[in-house]
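Each remark here refers to the structure printed beneath this line.
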Amino acid sequence: MLIMSAERKKIITLQDFVDFITEKNIKCVMCNAKLPKVVHFYPHKDGLIDLESNKRVWAYIVCDKCGYQNSFVKLLNKIRW
Ligand SMILES: [Zn+2]
């Protein structure tokens, strides 16, 4: 899966993103726990763009510890992609 920011500025593969989260040790924004490498999606008009389907999706990683849905956008802002 290839994704692009809502502003159509940057492109990243989903795997690159997950690897990056792991490498940079990005934590849950709510409780600071380590995040699992599982990304969830649902259609969302303000979400990121999946270049393969050309649809907008909201992507997030669920924290194993507190259950918080860490949105891609929030995590991406942490790494300034
Ligand atoms: Zn958490």
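Just so you know, all these numbers are worked out from the coordinates, no wet-lab data involved. Being a predicted model, the structure only gives us computed values, none of them experimental. Counting neighbours? That spans all protein chains shown, and the Cβs are built from the backbone with ideal geometry, glycine included.
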>> Straight-line reach from K55: which aspartates and glutamates fall under 13 Å, measuring Cα to Cα and dropping same-chain residues less than 8 apart?
In response: D46
> Assuming R0 = 22 Å, what is the FRET efficiency of K45 and T22, from their Cβ-Cβ distance, to the nearest 0.05?
Replying inline: 0.15
> Which of the aspartates and glutamates could a cross-linker bridge to K27, judged by Cα under 18 Å and excluding same-chain residues fewer than eight apart?
Replying inline: D16, D19, D64
> lysines near K34 by alpha-carbon distance under 21 Å, same-chain residues fewer than 8 away left out - which ones?
Replying inline: K24, K65, K74, K78
>> If I model a spin label as a point 7 Å beyond the Cα along the Cα-Cβ vector, how far apart are those points for L14 and K78 in nm?
In response: 2.0
> Taking Cα atoms, how many degrees apart are the long axis of helix 14-23 and the longest axis of the chain, rounded to 10 and kept between 0 and 90?
Replying inline: 30
>> Name the residue from L48, C66, V18 whose Cα lies farthest towards the positive end of the charge dipole of the chain, charges +1 on Cβ of Lys and Arg and -1 on Cβ of Asp and Glu.
In response: C66
